[in-house]
Amino acid sequence: MTTIGTPETLLKSFPDHTQLPESDGTFVKNFQEHPQSILLTDSITPILQKRHPDGNYCIGQDSGIYWRMTDPPEKGAEAPDWFYVPNVPPLLGGQIRRSYVLWQEIIPPLIALEFVSGDGLEERDKTPWTGKFWVYEQVIRPAFYGIYEVRQSRVEVYHLIEDHYELVPANERGHYPIPPLGVELGIWQGRYQNVELPWLRWWDAQGNLLLTGEERAEQAELLLQQERQQRELAQQRAERLAEQLRAMGINPEE
């Protein structure tokens with residue numbers, strides 16, 4: 001007689017993030033990918049810290065999301081260039097995550113982003129079981145899926161409605177709202193890490209660009225300089241007024 005284990009027992013028998021490959025051995029597609037991921041993470045971190053005061057969230061950057069068992073194992077994973085999962089601890093069992101295993105954690109990402117290096121067909125492939133778009137839409141099921149094409153200076157954002165993705169229309173600013181986070185996603189033409197490109201960036205719901213830590217520090221320093229200049233101007237005006245009063249025979253201190 002064959003005994004079938006409980007769902008909990010079967011789940012425990014599956015490999016976890018420590019047993020699955022953390023990479024499929026392929027190279028990063030280009031030099032822009034890692035700076036782009038850092039830019040997204042750095043600028044949205046204050047928003048996520050407010051949303052998760054307990055610190056329970058994780059961000060993956062070119063990390064595998066395992067969704068089925070295959071041989072070799074990495075064939076059963078997709079590796080978004082950037083994704084965010086709410087309400088899960090950043091460490092798992094006291095260890096840094098090597099990957100995100102759906103059958104172990106259940107909670108899907110809220111948003112997954114792919115950075116196109118080729119013609120974009122791979123990211124839009126809807127072939128059942130093998131196409132990247134199909135896997136995200138039907139299995140991994142992040143609420144939002146974005147396809148960023150730096151060469152075309154554009155991003156497409158899809159929202160999961162029941163069992164399929166629908167294209168999110170751009171708002172009046174040309175951005176794509178992500179309501180659960182209170183942010184918008186869009187293209188920003190500018191210089192980051194010494195490279196001028198149409199970068200993928202976040203804005204708040206009022207259309208204000210979310211700044212990186214370095215940009216926030218520069219802005220704070222600029223405000224301090226402006227305050228110093230205002231104090232200096234006020235002091236100069238006071239000194240000129242005092243001189244004028246003395247010339248009129250009036251003691252400015254009385």
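The values are calculated or read from the model by the stated rules, or taken from the named source; none is laboratory data. What you are looking at is a predicted structure, and each value in this text was computed from that prediction instead of being measured. Note that we place each Cβ from the backbone using ideal geometry, even for glycine, and neighbour counts take in every protein chain shown.
Among the residues of the stretch 96-142, the ones that are surrounded by fewer than 17 Cβ atoms within 10 Å (Cβ to Cβ) and either touching a helix residue (DSSP H, G or I) at 6+ places or on another chain (Cβ under 9 Å) or outside the structural domain of V183 (by TED's automatic domain parsing) (or both) come to 10 in all. For the stretch 81-95, the set of residues classified as more than 16 Å from the chain's Cα centre (by Cα) and polar (S, T, N, Q) consists of Q95 only. With the requirement that a residue be in contact with a His (Cβ under 9 Å, 6 or more places away or on another chain) and not in a helix (DSSP H, G or I), what does the stretch 76-120 give you? The answer is P86, N87, L92, G93, Q95, R97, R98, S99, Y100, V101. Being at pLDDT 95 or above, in a strand (DSSP E or B), closer than 23 Å to Y100 by Cβ and small (G, A, S) is a property that does not hold for G190.
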